[in-house]
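Everything below concerns the one structure shown next.
The values are calculated or read from the model by the stated rules, or taken from the named source; none is laboratory data. Just so it is clear, the structure is predicted and the values come from calculations on it, not from any experiment. Protein only, heavy atoms only, side chains kept; ligands, DNA and RNA dropped before computing areas. Shrake-Rupley method; radii C 1.70, N 1.55, O 1.52, S 1.80 Å.
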Amino acid sequence: MKRFIRRFLVFMLAALVVIQFFRPSKNIAEGIAVNDISTKYAVPDSIAAILKVACNDCHTNNSRYPWYWNFQPVAWFLNGHISEGKRHLNFSDFTAYPIARQYKMFDNINKEIKGGGMPLGSYTLIHRDAIFSDNDKAAFAAWTAGARKQIENHYPPDSLIMKKKMRD
């Protein structure tokens, strides 16, 4: 039995070493994207600062990577979170979304933050500065409401209704 355990541990150690050579590509883009949310909607400095520490790592095309990203399987885990986050909402591609989706996304952003769904608990466990205060939540509520009002003022009401295939 000891021999089996020793072989198993050697195999696991070898597998751990081998997987270090298989890395996901980093989510890093240069400059501000053409379809970035800030190209169409005013993003106050206070909101931009919160986005930077609490949202952008998973919801843009430009993530900051911690030192522990260099180790597998941690990099795969983080890459999965980034891919999933961008699938739901990508601030770098925001203005490329149909206007009805943009309108809905502002509402979703407010609901997720207000309800404590974002940022994820697994993210705030390590990134303590990403925890939203009541003032942060109020600032986001005002920002998203203002952006929705801006959309309402520029587009007909029927264009703001998401078609079935567009819904998340």
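Overview of values
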{"read-out": "Degrees, to the nearest 10: 99-114 long Cα axis against longest axis of the chain", "value": "60"}
{"read-out": "Rounded if a/c under 1.5, otherwise prolate or oblate - the stretch 51-102, Cα gyration tensor axes", "value": "prolate"}
{"read-out": "Diffusion constant of the stretch 1-62 at 10 °C, which comes from Stokes-Einstein with the Kirkwood Cα-pair radius and 1.306 mPa s, µm²/s", "value": "101"}
{"read-out": "Folded to 0 to 90 degrees: helix 74-88 orientation relative to the chain principal axis, Cα", "value": "20"}
{"read-out": "Average accessible surface area per residue within the stretch 1-91, 1.4 Å rolling probe, Å²", "value": "68"}
{"read-out": "Carbon + sulfur, % of accessible area of the chain - ligands and nucleic acids excluded, 1.4 Å", "value": "63"}
{"read-out": "Options [x] 36, 27, 15; [y] 23, 20, 14; [z] 39, 17, 15 - which one matches semi-axes √(5λ) of the Cα gyration tensor in Å as calculated here", "value": "[z]"}
{"read-out": "Aspartates and glutamates whose Cα lies under 20 Å from that of Lys40, excluding same-chain neighbours fewer than 8 positions away", "value": "Glu30, Asp93, Asp107, Glu152"}
{"read-out": "Within a Gaussian network of the chain (alpha carbon springs, distance under 10 Å), most fluctuating of Phe21, Phe77, Phe11", "value": "Phe11"}
{"read-out": "Per-residue [θ]222 nm for the chain (sum of -39500 (n - 2.57) over DSSP H runs n ≥ 4, rounded to 500)", "value": "-16500 deg cm²/dmol"}
